1. Quick one: would you say L114 is at pLDDT 80 or above, farther than 20 Å from A13 by Cβ and either more than 15 Å from the chain's Cα centre (by Cα) or buried (at least 17 other Cβ atoms within 10 Å of the Cβ) (or both)?
2. In segment 51-74, which residue that is among the aliphatic types (A, V, I, L, M) and outside any loop (DSSP other than H, G, I, E, B) is surrounded by the fewest Cβ atoms within 10 Å (Cβ to Cβ)?
3. With the structure loaded, tell me whether I6 is assigned to a helix (DSSP H, G or I), in contact with a strand residue (DSSP E or B) (Cβ under 9 Å, 6 or more places away or on another chain), β-branched (V, I, T) and surrounded by 14 or more Cβ atoms within 10 Å (Cβ to Cβ) or whether it fails that test.
4. Do we have V11 as crowded, with 18+ Cβ neighbours inside 10 Å and either at pLDDT 95 or above or assigned to a helix (DSSP H, G or I) (or both) here?
5. Quick check on A134: is it under 17 Å from K4 (Cα atoms), surrounded by 14 or more Cβ atoms within 10 Å (Cβ to Cβ) and modelled with pLDDT under 95?
6. Could you look through segment 14-40, keep only residues that are assigned to a loop (DSSP other than H, G, I, E, B) and either closer than 15 Å to N93 by Cα or β-branched (V, I, T) (or both), and pick out the one that is modelled with the lowest pLDDT?
7. Somewhere in segment 63-80, is a residue modelled with pLDDT under 90 and either more than 11 Å from the chain's Cα centre (by Cα) or more than 16 Å from A23 (Cα to Cα) (or both)?
8. Examine segment 91-98 for a residue that is within 14 Å of the chain's Cα centre (by Cα), at pLDDT 95 or above and over 16 Å from D12 (Cβ atoms), and state whether such a residue exists.
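The values are calculated or read from the model by the stated rules, or taken from the named source; none is laboratory data. Everything numeric in this text was worked out from a predicted model, so none of it was measured. A quick note on method: Cβ atoms are made from the backbone with ideal geometry, for glycine too, and the neighbour counts reach across all protein chains shown.
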Amino acid sequence: MRPKDIVNAWVDAFNQADVDSLAGFYSETAVNHQVAESPVKGREAIRTMFMNGFAAAKMVCIVENLFEDGEWAILEWRDPLGLRGCGFFHIVNDKIIFQRGYWDKLSFLKLHGLAQQDAGADAGHAARVPRGSA
């Protein structure tokens, strides 16, 4: 499959909050780095990240643009609440080996009514809510 096809299927699984299907898109040693969070390493840890995220908030990914360049797919997304972001997916042998996502965590927390830690503390881990780059 082409990287764009894999990311389209990933978006479908994301929008169904299907953590098992989502985890299946990643290699055993994949890294998912949502820049508002610490990198998550390994398929099972990524599965847990999604499970915790979907338990905390209803997350939806609406594709704005999806580009492909060799082994990479680049996703620009929005959600129904107005949050926007982008994700970069490095895909080898039909598996995501690396993903990086950019989105505004403070806006996400406010839009979902989630608690924030003291700004002087590690605000990047306020609710451990991942976007999955979507």
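1. Taking the combined requirement at face value, the residue satisfies it.
2. Pass one, segment 51-74, residues among the aliphatic types (A, V, I, L, M): 51, 55-57, 59-60, 62-63, 66, 73-74.
Next, from what is left, pick out any that are outside any loop (DSSP other than H, G, I, E, B): 51, 55-56, 62-63, 66, 73-74.
On the way: M51: 16, A55: 10, A56: 15, I62: 12, V63: 14, L66: 18, A73: 24, I74: 16.
Among them, the one singled out is A55.
3. yes
4. Yes.
5. Against the criterion (under 17 Å from K4 (Cα atoms), surrounded by 14 or more Cβ atoms within 10 Å (Cβ to Cβ) and modelled with pLDDT under 95), A134 qualifies.
6. Per the criteria, the residue is V35.
7. As a first pass, look at segment 63-80 and keep what is modelled with pLDDT under 90: none.
Checking segment 63-80: not a single residue is modelled with pLDDT under 90 and either more than 11 Å from the chain's Cα centre (by Cα) or more than 16 Å from A23 (Cα to Cα) (or both).
8. yes
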